[in-house]
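> Below is the structure I would like to discuss, written out as structure tokens.
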Amino acid sequence: MLQDYIDRKFRTDLRPGVESNTIRDNAAIVGVGQTEFSRNSGRDELDMACEAIKAAVEDAGLTMADIDGLEAFTLERTSMPTLVGALGIPNLRFTSEISYGGGASCANIMQAAAAVTTGVANYVVCYRSLNEASGHRYGRGDGYATYLSEAPTLHYGYYFPFGLLTPLSWASMYARRWMHEYDVDVDLLGWYSVVLRENAVRNPKAIFHDKPITFDDYKQAPMIVEPLRLLDCCVDTDGAAAVIVTTAERAKDLKQTPRLHPRCRPGRNAGLGDPDLLQPHADVGPARHLARRPGALPPRRRRSLRHRRGAALRSVQLRWAASARGARVL
């Protein structure tokens with residue numbers, strides 16, 4: 001009954017017109033910068049953020065005086081006012097932060113695209129700087145041990161007391177439910193990791209550059225949190241990256257061939273009040289909105305969304321990943 005209500009509400013009140021998306025093909029990524037990625041940078045995160053942003057500005061053929069917007073994650077440990085002073089940005093007009101971590105990168109760029117296409121800013125830098133290997137290790141639960149009996153928020157109160165202390169342990173719950181609902185064999189999970197590594201090895205600065213993995217490599221990797229293995233995990237590294245977003249019109253006159261911003265919508269994992277782990281309220285709407293955009297999904301995939309709504313978000317994520325092959329994106 002609840003799902004019927006959500007479907008009806010989307011059709012009647014919430015379904016936006018195709019013409020309402022002013023971002024599509026009107027925003028572009030024009031510069032990319034990154035530091036070396038290592039196990040121990042020996043540097044603070046402010047220093048790495050400055051290097052990545054300076055590299056992105058130079059890559060775009062701009063100056064620091066052109067930059068008037070900054071976009072980051074709420075998890076970013078670099079102070080934005082300190083960063084502005086360190087870089088000497090003279091005319092900052094827009095700042096924003098996106099909740100969550102690595103899974104929010106599309107929303108991070110979407111905010112920047114929204115800012116430039118509406119005239120709030122001209123050139124927005126999206127950045128992330130993190131000593132994840134030599135600093136706080138997100139993949140280790142010992143850093144959360146003090147929260148086992150008293151979670152810091154209500155949200156984590158449904159995870160930590162039950163021993164679910166790391167992102168991989170949270171993801172394993174969704175993976176197991178997905179496998180159960182759609183009769184997915186555990187071996188099929190490995191192809192996600194194989195394809196992601198295939199794309200990642202193209203980055204000459206990546207730790208595993210030119211080190212692809214095979215499906216056999218995946219199957220031989222140790223199990224970390226069933227059904228997810230070691231090669232399902234991202235690598236803890238130190239480093240920083242930045243991209244510059246501006247309008248497609250301004251991008252024509254810049255140094256690099258622009259990568260037009262196709263389409264995206266922010267979402268989140270399932271949480272309190274979501275009746276289905278695979279269909280969180282905050283993801284179903286955005287997924288449908290993206291799926292009905294011209295060219296977002298092939299006809300066969302579009303039909304499948306009507307019958308397997310739980311796969312909607314994954315379909316859109318795969319489409320985004322496909323469109324980004326070889327693109328100038330983070």
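> Out of all the residues in the stretch 32-74, which are assigned to a helix (DSSP H, G or I) and of a type in the set (G, A, S)?
If the condition is that a residue be assigned to a helix (DSSP H, G or I) and of a type in the set (G, A, S), then A49, A52, A55, A56, A60, A65 are the ones that fit.
> Still on this structure, I have one more. Can you tell me how many residues within the stretch 214-234 are surrounded by fewer than 18 Cβ atoms within 10 Å (Cβ to Cβ) and without any contact (Cβ under 8 Å) to a residue 40 or more places away in the chain?
Of the residues in that region, 10 qualify.
> Is there a residue being touching a Cys at 6+ places or on another chain (Cβ under 7 Å), buried (at least 17 other Cβ atoms within 10 Å of the Cβ) and modelled with pLDDT of 85 or more anywhere in the stretch 110-132?
Among the residues of the stretch 110-132, at least one is touching a Cys at 6+ places or on another chain (Cβ under 7 Å), buried (at least 17 other Cβ atoms within 10 Å of the Cβ) and modelled with pLDDT of 85 or more, which makes the answer yes.
> Only one residue in V195, V184, V201 is of a type in the set (A, V, I, L, M) and touching a His at 6+ places or on another chain (Cβ under 7 Å), so which one is that?
Answer to the selection: V201.
> In the stretch 12-53, which residue that is in contact with a helix residue (DSSP H, G or I) (Cβ under 9 Å, 6 or more places away or on another chain) and of a type in the set (V, I, T) is modelled with the lowest pLDDT?
The residue in question is T22.
> How many residues are modelled with pLDDT of 95 or more and buried (at least 17 other Cβ atoms within 10 Å of the Cβ) when one looks only at the stretch 72-93?
Here the count works out to 3.
> Please work out if V243 is within 30 Å of Y123 (Cα to Cα), surrounded by 14 or more Cβ atoms within 10 Å (Cβ to Cβ), touching an Asp or Glu at 6+ places or on another chain (Cβ under 8 Å) and at pLDDT 85 or above.
For V243, the condition - within 30 Å of Y123 (Cα to Cα), surrounded by 14 or more Cβ atoms within 10 Å (Cβ to Cβ), touching an Asp or Glu at 6+ places or on another chain (Cβ under 8 Å) and at pLDDT 85 or above - is not met.
> Where residues in the stretch 158-168 are assigned to a helix (DSSP H, G or I) and surrounded by 19 or more Cβ atoms within 10 Å (Cβ to Cβ), which of them is nearest to the chain's Cα centre (by Cα)?
Here the residue is L168.
The values are calculated or read from the model by the stated rules, or taken from the named source; none is laboratory data. From a predicted model like this one, the values you see are computed outputs, not experimental measurements. So basically every Cβ, Gly included, is an ideal-geometry build from the backbone, and we count neighbours across all protein chains shown.
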